[in-house]
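A short reminder: the numbers here are calculations on the coordinates, not readings from a lab. All figures in this text were calculated on a predicted structure; none of them were measured in a lab. All Cβ positions, glycine included, derive from the backbone under ideal geometry; neighbour counts span all protein chains shown.
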Amino acid sequence: MSDLCQHSLTQVRDLLCAREVSATDATLACLTRIERTEPHLSALLHVAADQALDQARILDAKGPDPAQPLWGVPIILKDVVATVGMPTTCGSRMLEHFEPVCDAHCVTQLKAAGAIILGKANMDEFAMGSSTENSAYGPTKNPWNLAHVPGGSSGGSAASVAAGQCFASIGTDTGGSIRQPASFCGIVGMKPTYGRVSRRGLVAYGSSLDQAGPMTRTVRDCATVLQVIAGHDPLDSTSMTAPVPDYAGQITQALAQGGSLRGVRIGMPEEYWGQGLAAEVESTCRAALDLAVSLGAEIVPLSLPHTRYAIATSYILAMAEASSNLARFDGVRYGYRSAQAEDLQALYVNSRSEGFGEEVQRRIMLGTYVLSAGYYDAYYKKAAQVRRLIRQDFLDALQQCDVICGPASPTTAFALGENTTDPLQMYLKDVFTVALNLSGLPGLCLPVGLGADTGLPVGLQFFANTLQEESLLTVAARLEAHLPTLPMPGLPYVAGR
């Protein structure tokens, strides 16, 4: 049963449908894996073992349902996703004891598809970070090397999938928070088109940037989960009404045709391949693109000229939206409430000072500053204008190619504590990911190998036009079929391997 954890979601689903294993078997295998790995990784904030086993037994009593594409598959959620009967803390003391009264839309969809929710994953507090070191409950470790970060802010989700604690996880991506940890942990991560997946039930950080998406071991797994969580939500005003394609079916069709990339034009923006890119990352990514060329793809050199403004633009807009969104946490209605408050003003100040961590406070203050009188036009308004230019860069480039590619991160996973004293250096780790969120377009990170120097995973990300997730998935699946499969992390601390 322990071997189940080394299977992909697709493989486990097929075993479940064939009744070769039960939903209870799959759940127990994951819970055993969690018990062995979690003391070393700290990837999870809450494990709902009893609830998960109860749900598995109910499913087993009814038997596999072909109408439920995730029947009996254990999944973990980033702790920014609202869940009934489980805490939703956002990695913060501010919401330490908060339990939502309803599920997020994507959770409702997962449950309807037969998925079993195992628990909630650790994360940077309120999704503000690139390493999962900002969690109020301690950092998560990278399963490939416990001295390194798993990325962030969805680091717990990425580490959990990579370590075999679950078969998929749901993360959120505001400036790369799915794709960067996917790269660091050697898994597949997708940020869908803004509005493709409902944001209802996600605790908001940057409302115009946030997007939930799947984190899995294979591209086909990613397609299967996206198929379930995508679609229109009438209770989310930003949710798209476009029908959801058969993503997994398109992958099957593409691979049945031989997996060739003939006729696919892959754009290579010069801004993603220059100064600051680690040699091991560049060589691994270029080797993957050489493979793509051997499969028939055409490489198209191009430019995204406003990329150099993306970090500043993203952080101005995200922090401004965070300042507004987090104003609701005031110690009055719900969340942390300071015991030291002689009047209302002191209640506000003390509750927010004690409940929020240092990085969250920093971003709230910067966001409040750029929205203040006298600075709004100079910062926020200007950033909104540059955002439009960045989006137009992508749209113009995609007239020349089918997908755009570049490294997901300038380096492999960095060491724990390496950047915690220098916020600017930490922000710069998102240099290759933030522009996509500003554009609202979809992106996917594909593991393409291990760095020659560090032995840690390297991810190559692909971008496509609005609602062209199927292009990303089919191109990535074709390339994945010819790449060496990354092993699961060594995890020498797991007994029985």
Against the definition (in contact with a Leu (Cβ under 9 Å, 6 or more places away or on another chain) and farther than 30 Å from A452 by Cα), how does Y380 come out, yes or no?
yes
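Out of S207, S198, report the one residue that is of a type in the set (S, T, N, Q) and either under 14 Å from the mean Cα position of the chain (by Cα) or surrounded by fewer than 24 Cβ atoms within 10 Å (Cβ to Cβ) (or both). Please lay out each step first, then the result.
On the way: S198 fails: either under 14 Å from the mean Cα position of the chain (by Cα) or surrounded by fewer than 24 Cβ atoms within 10 Å (Cβ to Cβ) (or both).
None of the other options fit; the residue is S207.
Do you know which residues across the stretch 135-170 are hydroxyl-bearing (S, T, Y) and under 18 Å from G357 (Cα atoms)?
Residues of the stretch 135-170 hydroxyl-bearing (S, T, Y): 135, 137, 140, 153-154, 157, 160, 169.
Result: S135, Y137, T140, S153, S154.
In this structure, is Y427 touching a residue at least 40 places away in the same chain (Cβ under 8 Å), among the aromatic types (F, W, Y), out of contact with any Gly (no Cβ under 6 Å at 6 or more places or on another chain) and not in a loop (DSSP other than H, G, I, E, B)? Break it down into steps so the answer makes sense when it comes.
Values: touching a residue at least 40 places away in the same chain (Cβ under 8 Å): yes; among the aromatic types (F, W, Y): yes; out of contact with any Gly (no Cβ under 6 Å at 6 or more places or on another chain): yes; not in a loop (DSSP other than H, G, I, E, B): yes.
Yes, satisfied.
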Looking at A82, is it small (G, A, S) and under 24 Å from A182 (Cβ atoms)?
yes
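Evaluate the following for V370: is it under 30 Å from V458 (Cα atoms), β-branched (V, I, T) and surrounded by 16 or more Cβ atoms within 10 Å (Cβ to Cβ)?
Details: under 30 Å from V458 (Cα atoms): no; β-branched (V, I, T): yes; surrounded by 16 or more Cβ atoms within 10 Å (Cβ to Cβ): yes.
No; evaluated as a whole, the condition is false for this residue.
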